[in-house]
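**Student:** Have a look at the structure that comes next, please.
The values are calculated or read from the model by the stated rules, or taken from the named source; none is laboratory data. For clarity, every value in this text was computed on a predicted model and none was experimentally measured. Note that each Cβ is placed from the backbone with ideal geometry, even for glycine, and that neighbours are counted across all protein chains shown.
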Amino acid sequence: MKLKTRLILFSLAVLGWSGVLLYFYSSGRINHYLAPDFRLIAFAGGLGLAVLGLFNLLTAGQKNDCCHDHANEDDTHDHDGGDMHPVTAVLLMIVPVALSVAWTRDEYSAVALGRKGLYTAPPSTLSPFLAASIPALTMADIEKSHRMTSDGFFEFSLMELFFSSADREMQTLLKGLKVETEGRWIDEKVRNADGSRKRLYRLFITCCAADSQVIPIVLEFGKMPPEFPENAWVKVSGTMHFLLEEGATQPVLVVNRAVAAEPPFEESLMRKKIF
Amino acid sequence: MTDLPVQRLLTPMSPDSQQDFALAFLSILFEGLPFILLGTLISGFIDVYLPAGTMDRFLPKNKFFAILVAGLMGAVFPVCECAVVPVIRRLVKKGLPVSCALTYMLAAPIVNPITALSTWKAFQGQGAEMMTSSRLLLGFLIAAAVGLIVSKLPLSAVLKSQLVESLKNESEAEASHQHGKSCCDHSHEHDHHSHEEPVPDHRLTAALRSALRDFIDVAVYFSIGVSITALFNTGIAPGAEWLDSLAKNPTAAPAALMGLAFVLSLCSTSDAFIAATLAKFSWGAKLAFLTFGPMMDVKLLFLYQTVLRKRFIFLLAIGLFFAIGGISIFWQHLVFQAK
């Protein structure tokens, strides 16, 4: 393949990737894919790819790209030759991206959520890295750091309720406490013979959606739960309990009230920003 | 009855699987792309603007210290594993000791600021400082050890016979005439008068063309690697459950992830973003993945054959597998015992 054609082909492939990155960033859809501090980096990457692609596209006809001549016959190096045929390379770049853009719904299916921990027993111990980042809590800390609703419920993140299963100190503080939290509504598929339970979950993203983990808690209604569409955003208020189920401590919210809610600005829980 | 892996592979993806694959694929792609771009831009500019003799000037005369310094040269001349093989081929031809060249070849993709930054960024919340420092240290130690072993071997046991012959011929030729000036990180023994003064705008074009070529080379493997990872990550790939079942085995987990790194052939500037998603695996297994991959993978097998003997490559692969696996298991044990 001629050098000019190859440069044009490669530049178009790079511009294609750039377009996808810039579109996802400008439309805000990137929020479903990346933690906050990666989004601006992705945007800069998209711009950088655009510059690289455009520059090479516009200079594709320019000759003498190598700043020396190849007088030595033994010197057969090729500045622009890749590992494989250029068309194969471009197809391998473009096809998976094009299919993914066509297929994505910006969220996981229930099957993938199950794989990412939707129905897994909560942790009984914290990982050393996570444990080191969580400070000890007192009731005074809770009162200071958690807002109380007008009807007396402390607003808690689902993350705090979930990880309390691995923290005895936290369990003591939370047991019997009236809390309110929000998350996405989904069926409870384990230990739910009488159909009185549902699950509330959110994704926790460390860097990107691929490394995300489902953070769920069990909702106990004591009767038939109200009807919400699967994955709908719901705000629930009730009393926290910790039940020993199949050898694991399970955080269970005995629900007083469940109402439909607007999705929060950040649908997934994120680790704190680094920069 | 559970589907056989082959049946699952041949079955078209369900809409749910397509949706899951797409989310995982795009998220890893978006996360890693800027770092690949940064790496290839730097590599492109080094290719065009850095004279070939620059590296030689940094190396001490003492063989042992020269090997140690070669292991750290990636900090000054950062190149990924795809770019490093052509570079060391040229450097060996220029007279750089083979032991130093191989040390640089194995260490540079890991012991460099771009890889350090991407590892640190990818492992935020998962012990980023510990993983980054362990990766750099292990990469350096393994590369230096290989360099020291190679320094005791005859050239013919390490290099391809054609390269050994060409070195002999060139050393004879260079005795009468050597021309070291180069502008594209490779030298050519050519007529002085045929080398034109580089025109600045041509050099920029050359640098960005080099960056584009490097980007495409890396992006293709990254795209394949991300596709496979997304299939495993979402449980679509046959064997994903089997791989998961090894995750808690202290010996099999590092071996499995080194095997995965070998197959995925990821770039060292972006592999940390894949490793960080392997949530079920231990920290030590991820360290093995991140150290073994940049030193030995499918694409490197092909690239190494342009410089090294097949027998040496085979022994190198076995040695790296056991050394990195063993140290990662020990390191995991040491770090978590201490905690």
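**Student:** For region B:231-254, which residues satisfy the criterion of being touching a Ser or Thr at 6+ places or on another chain (Cβ under 8 Å) and either touching a residue at least 40 places away in the same chain (Cβ under 8 Å) or not in a helix (DSSP H, G or I) (or both)?
**Tutor:** Hits for region B:231-254 are B:N233, B:T234, B:I236, B:A247, B:K248, B:P250, B:P254.
**Student:** Please pick out the residue among A:V218, A:V214, A:V236 that is closer than 30 Å to A:M139 by Cα and within 14 Å of chain B (Cβ to nearest Cβ).
**Tutor:** Criteria check complete, one pass: A:V214.
**Student:** Out of curiosity, is B:G239 over 23 Å from the mean Cα position of the chain (by Cα), within 13 Å of chain A (Cβ to nearest Cβ) and surrounded by fewer than 24 Cβ atoms within 10 Å (Cβ to Cβ)?
**Tutor:** Here the answer is no, as B:G239 does not meet what is asked.
**Student:** When the residues of region A:1-44 are filtered to those that are among the charged types (D, E, K, R) and more than 21 Å from A:T104 (Cα to Cα), which remaining residue is nearest to the chain's Cα centre (by Cα)?
**Tutor:** That would be A:D37.
For every residue, the table says whether it meets (1) crowded, with 17+ Cβ neighbours inside 10 Å; (2) out of contact with any Gly (no Cβ under 9 Å at 6 or more places or on another chain); (3) assigned to a helix (DSSP H, G or I).
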residue	(1), (2), (3)
B:A256	yes, yes, yes
B:C267	yes, no, no
B:A272	yes, no, yes
B:M295	yes, no, no
B:I318	no, yes, yes
B:Q332	yes, no, yes
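**Student:** Then there is this: Looking at region A:26-45, I want the residues that are on the phi < 0 side of the Ramachandran plot and have a partner that is of a type in the set (A, V, I, L, M, F, W, C) and surrounded by fewer than 16 Cβ atoms within 10 Å (Cβ to Cβ) with Cβ atoms under 7 Å, at least 6 apart or on another chain. Which pairs are those?
**Tutor:** From region A:26-45, the pairs are A:D37/A:I274; A:D37/A:F275.
**Student:** Which one of these is at pLDDT 95 or above and more than 19 Å from B:G225 (Cβ to Cβ): B:L315, B:L308?
**Tutor:** B:L315
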